[in-house]
1. Please give me, ordered by residue number, the GluC sites (Glu not before Pro) of segment 43-116 that lie in loop per DSSP and have at most 16 other Cβ atoms within 10 Å.
2. Given H placed 1.01 Å from N in the peptide plane, which residues other than close sequence neighbours of W178 have an amide H under 5 Å from its amide H?
3. Over the alpha carbons of segment 43-85, what is the largest minus smallest coordinate on each principal axis, giving the biggest first in Å?
4. May I ask for the Kirkwood hydrodynamic radius of segment 1-84, worked out over all distinct Cα pairs and given in angstroms to one decimal?
Amino acid sequence: MFSLTKSVTSMLVGIALEEGAIGSTDDKAVTYCPQLAGSAFDGPTVEDLLQMSSGAGGEEDYEDPDAPVNRLMRAVAGQGGTVLEAVRSVRPHSTPGTWFNYSTLDTQVLGWVLEAATGRTLAQYAAERLWGPVGAESDAYYALSRRAPRTAVGGGSFNATVRDMARLGLLMARGGRWGGEQIVPSGGSSAAAGRACRTWRAVRSVRGTRPITGTPTSGGPSAGRTVPSPASAYTGSISGSTRRPG
C-alpha cells in the first residue's frame, strides 16, 4: 500500500503523543532528527508534517523525473544516493504551516521523528501499539530502502492483508477503541493526539497544493521489518511476508 501507510503513521504518532514520547506537535522535526539540520526540514514542526504543510519540496508530480517523490523513490530503490540525501536535497517552497502540499517526504520525515522519539522501529512500534491490540490475523511488513543505511519507507510501504487493514478501519470507526480498550487516542483524551489519529479518516484524493485552512489533511510504518500478528507471536512462527529487497 502507498498512501494508506501515511494514515497508519499518523495513528502511531497520535499514540506517541498520548504516551508522551513525542512532547508536542509544536516540537520541531529537527529536534528529533538532527541529521536534517540545515535542510528544508529544519524549521517545520510535527504539526506541519501531519498537515503536509512543511513548505519543503514541490508538487508530488509522478511524471516529473526530478520531482521530490521520484528522487525519494530512486533512493529507496538504490538508484540515486541515500534516502536521507534525497530528503535533504529538496528546497523550501513556502513558509511552514501555511500551504498544503501532498508530500510523501513529509510523512517520511514524520516516520523518522516517530522512530527517534520512541526508540523503536516503525514495525516494532506498530506491532506493539496496533497489530497486537487489534488481534491481527497475519504479519505485516514495511519495505526498506535497498542502500545502507536502510530505512523504512514511512510514507508508503506498509504491507498487510485486506482483513487486517479492515480491522484498523473498524478501530477508527469506533473512535479508537477495541474490545473496550482505547487503542488510539480520541480528541477527548488529548486534543493533539486525537487530531493526529483522526487523519486516518481523511480521504486524500486531491493532489497538488492549497492553503492551509486549519483542518488536518495528512498523517503517512521496516521489506524485512515485520509486524508480527498475535497468532505468529504465539506459535513462534515467522511469516513468509518477511522479505528484504535487493
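1. E59, E63
2. I183
3. 31, 21, 13
4. Result for segment 1-84 stands at 14.3 Å.
Read the figures in this text as sums done on the coordinates, not as results from a lab. The shown structure was predicted, so the numbers you read here are calculated from the model rather than taken from an experiment. Positions of Cβ are generated from backbone atoms using ideal geometry, with glycine treated the same way; all protein chains shown enter the neighbour counts.
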